[in-house]
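Every number here is computed from the coordinates shown, using simple stated rules; none is lab data. Quantities reported herein were computed from a predicted structural model and do not represent experimental measurements. Please note: Cβ atoms are built from the backbone with ideal geometry, for glycine as well, and neighbour counts cover all protein chains shown.
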Amino acid sequence: MSDLLILHGRVVDPTIGIDEARDLLLRDGKIAAVESPGVLKNIEAAETIDASGLVVAPGLVDVHVHLREPGQTYKETIATGTAAAAAGGFTSVVAMPNTLPVNDSVAGMEWMLSPKRGAVVKLFAMPAATMGSMGATLTDFAALHKAGAVGFTDDGKPVLEDAMMRDALIAAARLGVPVSQHAEDTHLTGGCSMNAGPVAFRLGLRGMTVEAESRIVERDIRLLREIESAEGLRPHLHVQHVSTGRALEAIREAKRQGLHVTCEAAPHHFTLTDEAIGDYDTNAKMNPPLRAEADRQAVLAGLADGTVDCIATDHAPHAAHEKEQEFERAPNGITGLETALGLALRVLHKGQGLSLSRIISLMSAAPAGIVSLAGRGSLRVGSFADVVVFDAGAEWRFDAKDSRSKSKNTPFDGAAMLGRVKATISEGRVVFRR
Amino acid sequence: MYAEGSLLSVADLSVEDVSGILAVTARLERMAHVDRARLLAGRRIALLFYESSTRTRTSFELAAKSLGATTTLVSDKSSSIEKGESLKDTGLTLRALGAECIILRHPSSGAPFVLARETGLPVLNAGDGMHEHPSQALLDVRTMLMRLPGRDAFAATPQSLAGVTVVITGDILHSRVARSNAMLLPRLGATVLLCGPEPLLPEAALGLGDGIEVVRNFDEALRRADVVMMLRIQKERLAGLELDLADYIVRYQLSGERLAANAPDALVLHPGPMIRGLEIAGEVADGPNSAIEQQVSNGLAVRSALLLRALSTGGFESVTV
């Protein structure tokens with residue numbers, strides 16, 4: 001593969017402790033050199049990107065996306081979803097298994113990860129923890145891991161049975177990968193379509209309580225403790241899209257006790273509250289739901305103090321006809337790949353004062369570490385040449401109709417963004433350029 | 001965003017709007033039948049009902065007919081809705097058939113917003129899930145203004161119900177009538193006391209707005225009441241909620257004895273359907289304090305005004321009636 005130079009940029013990479021002017025040489029899909037300005041001036045590269053005034057950072061990593069293929073290609077395909085990822089600065093995405101059929105087999109993994117699917121950036125998959133995500137029988141963790149599983153999850157459906165979750169944590173621990181849990185006690189959320197509280201009461205909608213989330217998190221943490229003492233294993237629980245202060249408090253305490261718990265927060269949960277539902281806007285409907293301001297503040301605090309390990313989008317495309325329905329009937333989920341960086345910089349960097357380096361870590365090295373993506377999330381020499389180049393100061397508005405995703409279901413249509421992706425490079429190939 | 005003349009929530013109405021509706025209601029009521037029947041002659045109104053209804057449906061339909069409009073009733077039981085047609089497509093179909101206004105009753109909260117957005121037609125919310133029933137709140141206001149001494153039922157101001165305490169008792173959680181009233185009455189000067197057990201009345205109800213209190217003890221609430229509005233337990237929406245009905249009756253039924261002991265002069269309202277012997281004793285429903293039948297006839301009058309408002313683009317209040 002030919003050389004690619006990225007010159008004159010401000011390289012921000014927390015994994016190598018750099019936040020200063022550096023030039024990058026990408027060669028054969030890997031980072032070949034990170035040098036002070038001028039050092040690479042004699043290199044003859046096939047392509048050069050002038051990153052003057054721009055930030056050059058490790059390509060972003062999203063451990064939670066729904067690409068809808070196989071089975072629901074009218075919402076999204078692996079090709080369109082990863083194109084949206086590239087436009088959002090992501091170079092690695094982890095596909096959830098709630099496709100049709102559910103990704104619970106080696107054949108399913110191979111099909112999904114095949115080059116024939118046309119993924120624009122590096123695609124990883126997290127297959128189901130139980131067959132068909134039905135919660136009854138564990139999938140073949142060892143075989144799936146061999147086929148590339150970076151973790152196991154029944155995302156969208158929590159693993160509710162204690163015994164099943166314990167078995168999943170043990171099996172995953174033996175392979176050194178996490179069980180990623182959608183924390184929702186569905187016994188408490190029947191018929192619910194938003195967060196419980198005054199807004200739900202006013203809208204006449206049944207609400208999910210914070211306990212429905214925290215109870216499962218607390219249960220899972222208890223299982224970790226039991227497994228550590230009884231089995232001598234160190235299971236890894238990853239809590240998806242944590243949205244409540246109460247769940248975060250449980251995670252904070254578990255970390256203090258040294259248990260292996262990680263969690264992700266979604267941009268919509270740190271940006272919006274349930275007030276965003278307005279006149280029953282189904283583009284503000286997702287699960288877990290938008291919460292009250294106190295919970296949003298708790299997520300912000302968790303991001304600031306490190307309780308939240310990474311940002312993940314839970315990119316969940318749905319067709320227009322599915323969202324143009326009665327609120328209670330409309331499916332959960334919003335797109336998120338193209339708005340994540342712009343919201344993180346606006347809300348967390350400008351709004352909360354988190355450093356650029358910290359935000360980049362939350363969106364690259366940290367998620368890559370959670371699912372052990374070797375050679376990703378860093379610009380260290382020898383790593384994959386996954387790079388994002390963005391204008392950290394650019395203020396713009398997101399326009400859903402310009403999205404690369406097949407679906408336009410976002411509450412951020414027209415919303416203010418800070419920071420705009422100028423180029424995304426996946427394993428040395430420029431996969432997005434603006 | 002929503003067509004002029006739509007009524008989706010009482011929050012859409014200013015006090016001036018309420019006043020205009022009350023004034024037109026009164027004028028319509030006094031009009032000769034033949035004159036009234038010219039007002040919407042040749043206009044087409046669709047009633048789209050996804051839930052059963054006696055009072056609301058009949059009064060909207062009779063109101064439309066008394067104004068000379070042509071009506072058509074589409075219900076979920078006897079239409080392509082049963083075959084899976086969406087609310088959007090049902091609305092677009094009615095519009096294509098010439099409907100100029102749709103009256104919607106639907107079990108999902110917020111459904112009228114979907115219909116109004118997708119069709120661009122004026123939509124009148126005739127009850128959506130647990131959310132709102134705005135025309136009911138308006139007819140309740142009119143009933144109160146007609147029955148309470150010294151009030152003016154021909155107009156509304158922020159003082160129309162000043163000094164009036166309205167107790168709303170029962171299944172507040174599932175009640176769209178409670179929400180619409182609790183949001184509208186304080187804006188006309190009333191104090192609203194919501195009364196019921198915690199499972200049917202969460203504290204979150206206080207978030208509906210100012211001028212609302214939660215009082216758990218019915219007798220205590222009644223002692224402050226000028227108006228008491230009783231609500232049915234909505235068995236169809238309880239969704240697994242267990243309720244001891246015998247205990248509920250003891251604590252929250254409006255019996256003749258309880259009324260006489262605590263609020264002998266209070267006006268008694270019920271939006272219906274009522275279950276005699278459960279939330280309200282038959283003797284109270286039929287007694288001298290009751291304005292329940294007057295509520296029903298006011299429903300017809302107020303809904304006539306709402307239809308006229310929906311179909312008169314601009315200058316609704318100056319409509320010569």
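Within 10 Å of each Cβ in B:104-110, how many Cβ atoms from other chains are there, averaged over the peptide?
On the way: counts 0, 0, 1, 2, 10, 11, 13.
Taking the mean over all residues of the peptide, I get 5.
When you have a sec, figure out the Kirkwood radius of the range B:15-132 from all distinct Cα pair distances and drop it here in Å to one decimal?
On the way: mean 1/r = 0.0666 Å⁻¹.
In the range B:15-132 this quantity evaluates to 15.0 Å.
Of the peptides B:25-36, A:306-317, how do they stack up when ordered by the mean number of other Cβ atoms within 10 Å, highest first? Walk me through the numbers before you get to the answer.
On the way: B:25-36: 14.6, A:306-317: 26.7.
Taking the mean over residues of other Cβ atoms within 10 Å, the ranking is A:306-317, B:25-36.
Peptide A:325-336: average number of partner chain Cβ atoms within 10 Å per residue? Don't jump to the answer; show the numbers that get you there.
Values: counts 7, 16, 8, 6, 5, 3, 0, 0, 0, 0, 0, 0.
Averaged over the peptide's residues, the number is 4.
Would you work out if the protein assembly as shown is rounded, prolate or oblate? Take a ≥ b ≥ c from the square roots of the eigenvalues of the alpha-carbon gyration tensor; rounded if a/c is under 1.5, else prolate when a/b is larger than b/c, oblate otherwise. Intermediate results must be reported in sequence, preceding the final value.
Values: a/c = 2.51, a/b = 1.95, b/c = 1.28.
In terms of gyration-tensor shape, prolate.
Measure off 7 Å from each Cα along the Cα-to-Cβ vector at A:E275 and A:L233, then give the distance between these two points in nanometres to one decimal.
In this crude spin-label approximation the distance works out to 4.6 nm.
What is the ratio of the Cα radius of gyration of the range B:193-269 to 2.2 N^0.38 Å, where N is its residue count, to two decimals?
Rounded to two decimals, the normalised Rg is 1.14.
Based on C-alpha coordinates, I'd like the Rg and Dmax of the range A:182-299, in Å.
Taking only Cα atoms of the range A:182-299, I get Rg and Dmax of 15.2, 52 Å.
Decide, for the range A:59-378, between rounded, prolate and oblate: order the square roots of the alpha carbon gyration tensor eigenvalues as a ≥ b ≥ c, take rounded if a/c falls under 1.5, and otherwise choose prolate if a/b is larger than b/c, else oblate. Intermediate values should be presented prior to the final figure.
Numbers: a/c = 1.23, a/b = 1.12, b/c = 1.10.
It comes out rounded by the Cα gyration axes.
Please compute, for peptide A:193-203, the average count of beta-carbon atoms on other protein chains lying within 10 Å of each residue's beta-carbon. Show your work: numbers first, answer last.
Working: counts 3, 0, 0, 2, 4, 7, 2, 5, 12, 13, 9.
The per-residue average across the peptide is 5.
Using Cα pairs closer than 8 Å and at least 6 residues apart in sequence, work out the relative contact order for chain B, in percent.
On the way: 632 pairs, mean separation 69.8, N = 321.
22 percent.
Compute the Kirkwood hydrodynamic radius of the range B:134-295, taking the inverse of the mean of 1/r over all pairs of distinct Cα atoms, and give it in Å to one decimal. The partial results should precede the final answer.
Working: mean 1/r = 0.0644 Å⁻¹.
This gives a value of 15.5 Å.
Please report, in whole Å, how far the alpha carbons of chain B spread along each principal axis, starting with the longest.
Extents along the principal axes: 55, 46, 33 Å.
With only Lys, Arg, Asp and Glu charged, each at its Cβ (+1 for the first two, -1 for the last two), find how big the charge dipole of chain A is about the Cα centre; round to the nearest 20 debye.
Values: 45 positive and 54 negative charges, 119 e Å.
Result for chain A is approximately 580 debye, rounded to the nearest 20.
Which loop GluC sites (Glu not before Pro) in the range A:9-111, with loop taken from DSSP, have no more than 12 other Cβ atoms within 10 angstrom of their Cβ?
Numbers: sites: A:E20, A:E35, A:E44, A:E47, A:E76, A:E110; in loops: A:E44, A:E76.
Passing both the DSSP loop test and the Cβ count: A:E44.
Of the DSSP beta bridges with both residues in chain A, give the percent that are antiparallel, rounding to the nearest 5.
Working: 31 of 60 bridges.
That works out to approximately 50 percent antiparallel.
How do B:199-209, B:245-255, A:371-381, A:239-249 rank on mean C-beta neighbours within 10 Å, highest first? Can you show the working numbers first?
Numbers: B:199-209: 17.7, B:245-255: 15.9, A:371-381: 19.3, A:239-249: 24.2.
Packing order, densest peptide first, comes out as A:239-249, A:371-381, B:199-209, B:245-255.
Among bridges DSSP assigns within the range A:12-167, what percent are antiparallel (round to 5)? Working shown, then result.
On the way: 8 of 17 bridges.
For the range A:12-167, the DSSP antiparallel bridge percentage is about 45.
Taking the Cα centre of the protein assembly as shown as origin, work out the dipole magnitude from +1 charges on Lys and Arg Cβ and -1 charges on Asp and Glu Cβ, in debye rounded to 20. Before the final figure, lay out each step's value.
Details: 77 positive and 91 negative charges, 268 e Å.
Approximately 1280 debye in magnitude.
For the charge dipole of the protein assembly as shown, defined by +1 on Lys and Arg C-beta atoms and -1 on Asp and Glu C-beta atoms about the Cα centroid, which residue among B:V34, A:F90, B:A204 has the Cα displaced farthest towards the positive pole?
So the residue furthest toward the plus end is B:V34.
Report the far tail of the P(r) of the range B:55-110, meaning the percent of Cα-Cα pairs longer than 13 Å. Show your work: numbers first, answer last.
Working: 1013 of 1540 pairs.
Result for the distance tail: 66 percent.
State to the nearest 20 debye the size of the charge dipole of the range B:134-295 about its Cα centre, where the only charges are +1 on K and R beta carbons and -1 on D and E beta carbons. If you can, show how the numbers build up before the last one.
On the way: 15 positive and 20 negative charges, 85 e Å.
Roughly 400 debye, rounded to the nearest 20.
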